[in-house]
């Protein structure tokens, strides 16, 4: 049966609007006026937009769904904030799960603790070891019992790619940064294949509820105690259980070099021929984050010195990227600090833009590097939700970046002005997977209402407002731009495209910009079949 979407507007690739959309056999057949399309399909099912907006399914260009699904099934702190709330949640989880050998999970926010650092003693009420990953996944909060289980003492050296926080006498204080997380994380119980499968299923359900119909999983491999999700995706896609359109970014092991390329080629080949999953991208994490001073900067951090970490030797990075590019891989960088961004851009010199390389996060870009994205054909992968005034920004970032570096953060408008192609993602479970919240921030540079940071005193003050972008631009980044990165056939409302579509419960283009966040998802379709319907819609 043909489906006619009517009663509102549809967002088109030009940034304009159409009155109606006709879907036939799971494909967009026509876009235009309602009467014209109704004549093309005398017998059709009608989806009433009820004054809302029809948009392409969102594609999240940087997300960790399996990890998020696992964390939602553990001690999940991501939806709460503050020490008292965390302790109450941990105690409740321990009571409800007496059979578990460890209390593990994550989602705590650095800004809830003085200096961003919780102490192991706060967890020592638990009757078993505790391992909780920080919201940004660049640190872990662990109990004394967990440190003892791992044999970590004042004499344990920091790993080359991480740091053990310590009390004044050298005793580990309970926070493990970056590569140091593995010292404890690898001791926690490993999820079974069934656990990973359930996590993916739950994550897909949640993403469908937010209108996300495709994504790029930004770590498909083993990192910081995580488990390789490639077999999970291969199983789900091979059996037809995976409905979303997914690209896996294969993890680049920074402790190795070109010797791993043969394995990456074999892993890519294992997904060939699958309809919903491809392993055609390689993820290189080049630095850490600003809040723990592991983001790679050009000049030292204020007050504490140091310029962060470049996880891959920049001299070797060019060689690695050149070989990946030669083999037709897309390279997907994590780069937060301005030195890491520059190192990533340098490595792309001479590569083929047809491989659709991209750099994610882009918290700080030295101004002379902004035009290089377009010049090199490199896509800017934005995580808009981070570009606001919140405690982590105002208390743990700005004081240590100083000026002018603080003003170089998240330069969305600057990148756009130079003709840079944009895509967008969430980094869920680091932050909310809701694209509409991300759209709100991209347009307003303020916290969306209802977020855990919305009550922060300066949450409503625009953060570097000159870097705002328009709603149509931001929406295109989350749809057409991210679909392009994934080589997805979806991502736009035009004839011939798969009918991966989302019905929004209102038209955000008709709202005051400050109210964009109030928009919700009423229905989500994949290939013209409904995969999510909000009760009452």
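FYI, it's all coordinate maths here, none of it is from the lab. Please read these numbers as outputs of a predicted model, since none were measured by experiment. Using ideal geometry, Cβ is built from the backbone for each residue, glycine included, and neighbour counts are taken over all protein chains shown.
With r as the distance between the Cβ atoms of residue 418 and residue 316 and R0 = 25 Å, compute the FRET efficiency 1/(1 + (r/R0)^6) and round to 0.05.
Working: r = 29 Å, r/R0 = 1.15.
Once rounded, the FRET efficiency stands at 0.30.
Shape class for the chain, computed from the alpha carbon gyration tensor (a ≥ b ≥ c): prolate, with a/c not under 1.5 and a/b above b/c.
Protection proxy ranking of 90-96, 319-325, by the mean of other Cβ atoms within 10 Å over each peptide's residues and highest first, is 319-325, 90-96. How would you classify region 193-485 from its alpha-carbon gyration tensor, with a ≥ b ≥ c the square roots of the eigenvalues: rounded for a/c under 1.5, else prolate if a/b is greater than b/c, otherwise oblate? Oblate is the answer for region 193-485, as a/c is 1.5 or above yet b/c matches or exceeds a/b.
Contact order, relative form, for region 101-185: 27 percent (alpha carbon pairs under 8 Å, 6 or more residues apart, mean separation divided by residue count). Between the Cα long axis of helix 435-444 and the first principal axis of the chain there is an angle of about 80°, rounded to the nearest 10. Calculated [222 nm] ellipticity per residue, helices only, for the chain: -7000 deg cm²/dmol; basis is -39500 (n - 2.57) per DSSP H run with n ≥ 4, divided by all residues, nearest 500. Listed from fewest to most Cβ neighbours within 10 Å, the set 505, 346 follows the order 346, 505. So if I take the centroid of the Cα atoms in region 167-242 and the same for region 375-389, what is the distance between those two points in Å? If we compute the Cα centre of each part, the gap is 23 Å. Extending 7 Å from Cα along the Cβ direction at residue 304 and again at residue 194 yields two label points whose distance is 4.3 nm.
In degrees from 0 to 90, rounded to the nearest 10, what is the angle of the helix 314-326 Cα long axis to the longest principal axis of the chain? So the inclination is approximately 30 degrees.
When the chain is fully extended, how far beyond the present Cα-Cα distance does residue 88 get from residue 27, taking 0.36 nm per residue of separation? Please report the intermediate quantities before stating the final value.
Values: separation 61, 0.36 × 61 = 21.96 nm, distance 4.90 nm.
Gain on extension, residue 88 to residue 27, equals 17.1 nm.
Quick one: grab the alpha carbon gyration tensor of region 101-185, order the square roots of its eigenvalues as a ≥ b ≥ c, and give me rounded if a/c is under 1.5, else prolate or oblate depending on whether a/b is larger than b/c. Judged from the Cα gyration tensor, region 101-185 comes out rounded (a/c under 1.5). Using the average count of surrounding beta-carbon atoms within 10 Å as a protection proxy, the listed peptides 348-354, 362-368 rank, highest first, as 362-368, 348-354.
Counting 0.36 nm for each residue step from residue 95 to residue 256 and taking away their Cα separation leaves a gain of 53.7 nm. Tilt of helix 338-347 relative to the longest C-alpha principal axis of the chain, in degrees (0 to 90, nearest 10)? Between helix and principal axis, roughly 60 degrees. Ordering of 162-171, 230-239 by packing is 230-239, 162-171, highest average first (other Cβ atoms within 10 Å, averaged per residue).
Going by Cα centres, region 96-135 and region 393-462 are how many Å apart? For region 96-135 versus region 393-462, the Cα centre distance is 27 Å.
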